[in-house]
1. It is to be established whether one or more residues within segment 62-73 are among the aromatic types (Phe, Trp, Tyr) and part of a loop (DSSP other than H, G, I, E, B).
2. Please determine whether any residue of segment 94-105 is touching a strand residue (DSSP E or B) at 6+ places or on another chain (Cβ under 9 Å) and in contact (Cβ under 8 Å) with a residue 24 or more places away in the chain.
3. Please determine whether any residue of segment 53-75 is touching a residue at least 60 places away in the same chain (Cβ under 8 Å) and more than 22 Å from residue 128 (Cβ to Cβ).
4. From 260, 265, 253, 305, grab the single residue that is of a type in the set (S, T, N, Q), in a helix (DSSP H, G or I), closer than 24 Å to residue 31 by Cα and over 19 Å from the mean Cα position of the chain (by Cα).
5. Taking the condition surrounded by fewer than 23 Cβ atoms within 10 Å (Cβ to Cβ) and modelled with pLDDT of 85 or more, does residue 418 pass?
6. With respect to residue 307, determine if the residue is at pLDDT 85 or above and surrounded by fewer than 24 Cβ atoms within 10 Å (Cβ to Cβ).
7. Every residue in segment 64-100 that is closer than 20 Å to residue 168 by Cβ and either surrounded by fewer than 18 Cβ atoms within 10 Å (Cβ to Cβ) or not hydrophobic (A, V, I, L, M, F, W, C) (or both), please.
Amino acid sequence: MPDYTPAAPDALTNRIRIGYGMGSVATGTFGTVPGLLLLYYLTDVLGVAAGLAGLMVFLPKAWDVVLNPWIGSLSDRTRHRWGPRRPWMLVGALITPLGFAAIFAAPPFAVDAAATYVVALFLITATGYACFQVPYVALPAEMTADPHERAKINSLRVAILAVAILVSGALAPIIAGATNGGGGSPAGYRVMGIVMGGLLLGGALTAVFATARAPSVLRTSAEPSLLAQLRAARGSRPFLWLLSMFVCQAAATGLMLAGTQYYATYILDRPAAVSVLFACLIVPLLLAMPMWLAISRRTGKRTATVVATICFVFGALVATFGREVPIAAVLAGAAVAGVGYAGVQMLPLSMLGDTIAADAFTTGRRRAGVFTGLWTAGETLGLALGPGLFGLVLAISGFVSSDANERVSQPDSALTGIVVGFGAIPILLFAVSLILLSRYDLTEEHVVTLSRLQDEPAERPGDDA
């Protein structure tokens, strides 16, 4: 039976909700800007070959696949007056912004030395980010036992996440591309790294200190090893199907992020259009948040996620024909995708909180760090696979890398590769994700029943043992 302290449904104040959500300024910035610009920075500013650049972006993030569950387990076992999560969040809040700024410092090295420098700094920064992100995602399941309250927390978090993605995704390319016709220069990327590092620092520190007085409805227990964590996850079938679906969608999102600057530069022939594309994607996302919350309450979170995914696929489908349709159609498709993006960001996180709560009652153990560690590892894997796959597609299609001072014309095969990587492959991944989501069978009614039973400990199985 889990060790818990009942909390009233309204125990979370607006200060805690908003302060927690502000952490998404950090997660949104770090999740967006490297995925959006790092591959392009390597191939079109530093002159690294596309296949090698994709591998360089993938490997440091692949390290997080192992690191994230370990961080989750360590935070589960941490005993500190700040709680188990905030000491780790503070470490990550300090390391990540400094490392991020250093990645884009663009030192005057030869290509090989510059590539090594970027990989090393990206590895350090990704490690710091894991220290913040894993415990941060675990907090909602520990601050309240009410699934509807978790949905509110996550809807606010995703709303702030949307603003962070909009600001960082639109502003970073503008700063980086302030020179050289919008294509970017080392000096522009250097300034961008400092500005985005400031956003990371402010958002992460706000989340750390604003949640200091948050309630803790259940204390956690930890699994001793990664294999034990995987066994724990295997015991929760809803979690496994939900995670598999989310990894596919993260990979599709990673592909589209990595391809956005290439798509704007070589397909739309407007390097600065990346900011317009982002605005068309994210503004509808902000407007659609209340809609998805209402739809999920009426139809269930799984059904709402299916509809949201279909909206996102529509945008990718239009982008696939970007060489044949006018730019207005591409921007309209991005707007429809933005409506769907709101749902595919908010709803799976809300379902994750439900699976954690269900596991706590079923097993008698509170393992939020274990599940969120595996969750963020899966998200990291998907987002890392995206740029890696896009770099591979570029290499196969004959893309020609260049430095910032010498822009080269791309062969027709490379243009086809950009369209395939930006639109066709993500559509395939989203289709697979819907098949996996169909196996997720944890209903809201079941979660509410478990929540009520937690308030009646005398009636729970095992209480008379």
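The values are calculated or read from the model by the stated rules, or taken from the named source; none is laboratory data. This is a predicted model, so every value here is computed, not measured. Note that each Cβ is placed from the backbone with ideal geometry, even for glycine, and that neighbours are counted across all protein chains shown.
1. Taking segment 62-73 as the starting set, the residues that turn out to be among the aromatic types (Phe, Trp, Tyr) are 63, 70.
Now drop any that are not part of a loop (DSSP other than H, G, I, E, B), which leaves none.
Checked segment 62-73: no residue is among the aromatic types (Phe, Trp, Tyr) and part of a loop (DSSP other than H, G, I, E, B).
2. No, segment 94-105 contains no residue that is touching a strand residue (DSSP E or B) at 6+ places or on another chain (Cβ under 9 Å) and in contact (Cβ under 8 Å) with a residue 24 or more places away in the chain.
3. Yes - at least one qualifying residue is present in segment 53-75.
4. Numbers: 260 fails: over 19 Å from the mean Cα position of the chain (by Cα); 253 fails: over 19 Å from the mean Cα position of the chain (by Cα); 305 fails: over 19 Å from the mean Cα position of the chain (by Cα).
Within the list 260, 265, 253, 305, the selection yields 265.
5. Working: surrounded by fewer than 23 Cβ atoms within 10 Å (Cβ to Cβ): no; modelled with pLDDT of 85 or more: yes.
No.
6. On the way: at pLDDT 85 or above: yes; surrounded by fewer than 24 Cβ atoms within 10 Å (Cβ to Cβ): yes.
So residue 307 passes the test.
7. In the first step, residues of segment 64-100 are kept if they are closer than 20 Å to residue 168 by Cβ; the result is 64, 89, 92-100.
Within segment 64-100, 64, 92, 94, 96, 97, 98, 99 meet the criteria.
The rows are residues; the columns are (1) at pLDDT 85 or above; (2) crowded, with 21+ Cβ neighbours inside 10 Å.
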site	(1), (2)
156	no, no
174	yes, no
182	no, no
186	no, yes
191	yes, no
198	yes, no
203	yes, yes
227	no, no
